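Peer 1: Got a structure for you, questions after.
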Amino acid sequence: MTTRLIFEAEHLLRAGNPDAAIHRLKQALTEDPEQAEAHALLAAVLLAQERTHAAAHEAKLALQLDPNQVMGRIVEIQTLLLRRKFNQVSQRINELEALEPALPHSHQMRAQLCQLQDRHKEAMVHLERALSMDPDNIDVRTDLAENLFQNGDWNKAEEVAKTVLEQQSDHADGLALMGLIHLSRGETELAESIARSILIENAEHRQGQRLLIAIKTRRNWFLGAWWRFQSWISRYGANRAILILVVAYAFFRMVDGYLAYHELASARGLGQLIWLGLCAYTWVAPALFFRSLKRELDKFKFSEDF
């Protein structure tokens, strides 16, 4: 009975019905709480729904029951990547490679780690290895196109993205990447039509939302400046971001002290006004941006209901 429920869950996943798949897997785990495969598959579904903490919990349960459960290990590594636990990611990938040397996922996840650390050339090597091991893997091909795009090779990225869409015309990540390529070339209307086609199907799709955000920042310089700064500073992790902000404040205080010492009252007043304006901007802009984004996404969620 448990095996049949897991089989039905896999079928429902392939049919694009994750909620029903979760229901089947929970039924399977009610019958047999020590079924490692069901925990691992549930972890994978939860991760796809961006429920990271729940996915990490299910992956941990799967690996407690069966330390050699490959899917459980893959989900564990993916959750560590999302939490930017880079040292643990490297260690877990080494363990996975020792367990399954011919698994393309290991190279794919090494590439994701390299991308997060801005080591794009090294990421390319791992993606090409993963693709040579599994030439029909559409997710690896999409990651390859994404890496080329991030590296500024838009023409090559477009070529690879087109092969993704030839393989699966409605592949949402491939479509989102094509939208970003069009946007980078100034083809905003075409990019927006792609974003709408993705988000009408799934308003929660992360790459579709990323494309919509990119379009909004392009059209609204006031909010776009904040988003670009926020995206840039977040790349360095929380600790470095705090350090950058502390250094910026210390620089302001140093300049302010210099102007006060030389009794340059008007220049000091202007500097304080600029600093106050920046502080107000970083407080107001996020609220305005996310309110605008939520309003836009609510249109897509509303359209899904009808």
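The values are calculated or read from the model by the stated rules, or taken from the named source; none is laboratory data. Worth saying up front: this structure is predicted, and the values here are computed from it rather than measured. Glycine gets a Cβ as well: all are built from the backbone with ideal geometry, and neighbour counts include every protein chain shown.
Peer 1: Taking the stretch 139-154, which residues are over 14 Å from Q115 (Cβ atoms) and at pLDDT 90 or above?
Peer 2: Of everything in the stretch 139-154, just one residue is over 14 Å from Q115 (Cβ atoms) and at pLDDT 90 or above, namely R141.
Peer 1: Inspect all residues belonging to the stretch 214-235 and state whether any of them is modelled with pLDDT under 75, more than 25 Å from A191 (Cα to Cα) and surrounded by 13 or more Cβ atoms within 10 Å (Cβ to Cβ).
Peer 2: yes
Peer 1: Sticking with this one: Does any residue in the stretch 174-185 that is touching a residue at least 24 places away in the same chain (Cβ under 8 Å) come within less than 7 Å, Cβ to Cβ, of a residue that is of a type in the set (D, E, K, R) and part of a helix (DSSP H, G or I) six or more places away or on a different chain, and which pairs are these?
Peer 2: Once the first residue is touching a residue at least 24 places away in the same chain (Cβ under 8 Å) and sits in the stretch 174-185, its partners that are of a type in the set (D, E, K, R) and part of a helix (DSSP H, G or I) give A176/R210; L177/E146; I181/E158; L183/R218.
Peer 1: So which residues in the stretch 85-109 are of a type in the set (S, T, N, Q), assigned by TED's automatic domain parsing to the domain that holds G72 and under 22 Å from the mean Cα position of the chain (by Cα), if there are any at all?
Peer 2: Hits for the stretch 85-109 are N87, Q88, S90, Q91.
Peer 1: Is there any pair with a first residue in the stretch 239-257 that is in the same structural domain as L270 (by TED's automatic domain parsing) and modelled with pLDDT under 80 and a second that is β-branched (V, I, T) and surrounded by 12 or more Cβ atoms within 10 Å (Cβ to Cβ) whose Cβ atoms are under 7 Å apart and which are 6 or more apart or on different chains, and what are they?
Peer 2: Cβ pairs passing all conditions: A241/I233; I244/I233.
Peer 1: Follow-up. Could you tell me which residue of the stretch 176-202 is modelled with the lowest pLDDT, considering only residues that are within 24 Å of T52 (Cα to Cα) and crowded, with 19+ Cβ neighbours inside 10 Å?
Peer 2: Residue satisfying both the conditions and the ranking: L199.
Peer 1: Of A59, A43, A9, which residue is modelled with pLDDT under 90, under 26 Å from I138 (Cα atoms) and in a helix (DSSP H, G or I)?
Peer 2: Being modelled with pLDDT under 90, under 26 Å from I138 (Cα atoms) and in a helix (DSSP H, G or I) holds for just one of A59, A43, A9, which is A9.
Peer 1: So E31 ticks every box in (1) under 26 Å from L127 (Cβ atoms); (2) surrounded by fewer than 16 Cβ atoms within 10 Å (Cβ to Cβ) but one. Which box is left unticked?
Peer 2: E31 satisfies all of (1) under 26 Å from L127 (Cβ atoms); (2) surrounded by fewer than 16 Cβ atoms within 10 Å (Cβ to Cβ) except (1).
Peer 1: Specify which of the listed residues (Q27, Q69, Q49) is at pLDDT 90 or above, in contact with a helix residue (DSSP H, G or I) (Cβ under 8 Å, 6 or more places away or on another chain) and not hydrophobic (A, V, I, L, M, F, W, C).
Peer 2: Q69
Conditions (1) surrounded by fewer than 22 Cβ atoms within 10 Å (Cβ to Cβ); (2) assigned to a helix (DSSP H, G or I); (3) in contact with a His (Cβ under 7 Å, 6 or more places away or on another chain), marked per residue:
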residue: I77; (1), (2), (3): no, yes, no
residue: L81; (1), (2), (3): yes, yes, no
residue: R92; (1), (2), (3): yes, yes, no
residue: M109; (1), (2), (3): no, yes, no
residue: C114; (1), (2), (3): yes, yes, yes
residue: A123; (1), (2), (3): no, yes, no
residue: R129; (1), (2), (3): yes, yes, yes
residue: V140; (1), (2), (3): no, yes, no
